[in-house]
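A.B. asks: Pasting in a structure now, in structure tokens, and then I'll have a few things to ask.
The values are calculated or read from the model by the stated rules, or taken from the named source; none is laboratory data. The model shown is predicted, which means the values in this text are computed figures rather than measured ones. Using ideal geometry, Cβ is built from the backbone for each residue, glycine included, and neighbour counts are taken over all protein chains shown. SASA here: full protein model, heavy atoms, side chains in, ligands and nucleic acids out. Shrake-Rupley method; radii C 1.70, N 1.55, O 1.52, S 1.80 Å.
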Amino acid sequence: MGNLLCLVQVDQSTVAIKETFGKFDEILDPGCHFLPWFLGSQLAGHLSLRVQQLDVRCETKTKDNVFVNVVASIQYRALADKASDAFYKLSNTRSQIQAYVFDVIRASVPKLNLDDVFEQKNEIAKAVEDELGKAMSAYGYEIVQTLIVDIEPDEHVKRAMNEINAAARMRLAANEKAEAEKILQIKRAEGEAESKYLSGLGIARQRQAIVDGLRDSVLGFSENVPGTSAKDVMDMVLVTQYFDTMKEIGASSKSSAVFIPHGPGAIRDVATQIRDGLLQASAHQ
């Protein structure tokens, strides 16, 4: 019905290309337009002004000879004031944009090592955008934005990178564990040294207390029992301790057979040995 009335409708965010007898005439904006087809006017086609997106996957090699797939996302749109150039000058817009992307990526990535490619992906995207912007503006297109959305090394390279990262983390963990063990051993040695020091002090105080007690006992007994000498009292105390020791050895459930000399002479020898030992201990204090 519209063709019979010579009326055409152009949708929003779209322009139409009007030709007269096959020659470009004008750009029709969104809305309703009179198109006298009987005078040779016709629509050559429509051109969308919306932002379009093209994802380009490009395989290339880095400076350290690692093959990677770089995925670039190109957002572009046709310019309304250059709609005729966008419509007539390019036969396949997406293929031509892809060719420019390939050219820039394959010129930029081989100059960088693999790690630098990941770090400088924004610079690569900027280089692609600048080159595309200059090239496509002559054809009536604007490059809105260029993004490097993915960098995929070869699967073997990815596995090797993960193994290197895992090995580095394991080495760090081993160092931390060794350092912790070292600290524990130092603290344990310090604790043992302190324990032995305190144990030595306790033994020294115990021996001093025994000596002091024996001295007080001998002096008190000599004063209270006339006619006894200090040596007699000391012998009696040592013999008493000797029998107490024998009793404790026999009463212990873990004790085994103990063979010791027994008799009056043996007791005298034991007393002499104990007395000499105490006197030597006192002399060294």
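A.B. asks: Could you list all residues from segment 210-219 that are at pLDDT 70 or above and open to solvent by less than 60 Å² (accessible area, probe 1.4 Å)?
C.D. replies: Across segment 210-219, the qualifying residues are ASP212, GLY213.
A.B. asks: Going through segment 53-68 one residue at a time, which ones are open to solvent by less than 70 Å² (accessible area, probe 1.4 Å) and either small (Gly, Ala, Ser) or over 15 Å from LYS111 (Cα atoms) (or both)?
C.D. replies: The answer is LEU54, VAL56, CYS58.
A.B. asks: If you take the residues in segment 130-180 that are touching a Lys or Arg at 6+ places or on another chain (Cβ under 7 Å) and outside any strand (DSSP E or B), which one is least open to solvent (accessible area, probe 1.4 Å)?
C.D. replies: GLY140
A.B. asks: Using beta carbons and a limit of 9 Å, which pairs, at least six apart or on different chains, have the first residue in segment 190-209 and part of a helix (DSSP H, G or I) and the second one not small (Gly, Ala, Ser)?
C.D. replies: Every condition considered, the pairs that remain are ALA204/GLN285; ARG207/LEU278; ARG207/GLN285; GLN208/GLN285.
A.B. asks: Looking at (1) out of contact with any helix residue (DSSP H, G or I) (no Cβ under 8 Å at 6 or more places or on another chain); (2) over 30 Å from THR20 (Cα atoms); (3) open to solvent by 30 Å² or more (accessible area, probe 1.4 Å), which is the one condition that is false for ASP103?
C.D. replies: For ASP103, the failing item is (1).
A.B. asks: Quick check on this structure: which one of SER199, SER229 is among the hydroxyl-bearing types (Ser, Thr, Tyr), at pLDDT below 75 and loosely packed, with under 12 Cβ neighbours inside 10 Å?
C.D. replies: Result of the check over SER199, SER229: SER229.
A.B. asks: For segment 9-52, enumerate the residues that are open to solvent by 40 Å² or more (accessible area, probe 1.4 Å) and of a type in the set (D, E, K, R).
C.D. replies: ASP11, LYS23, ASP25, GLU26, ASP29, ARG50 - these are the residues of segment 9-52 that are open to solvent by 40 Å² or more (accessible area, probe 1.4 Å) and of a type in the set (D, E, K, R).
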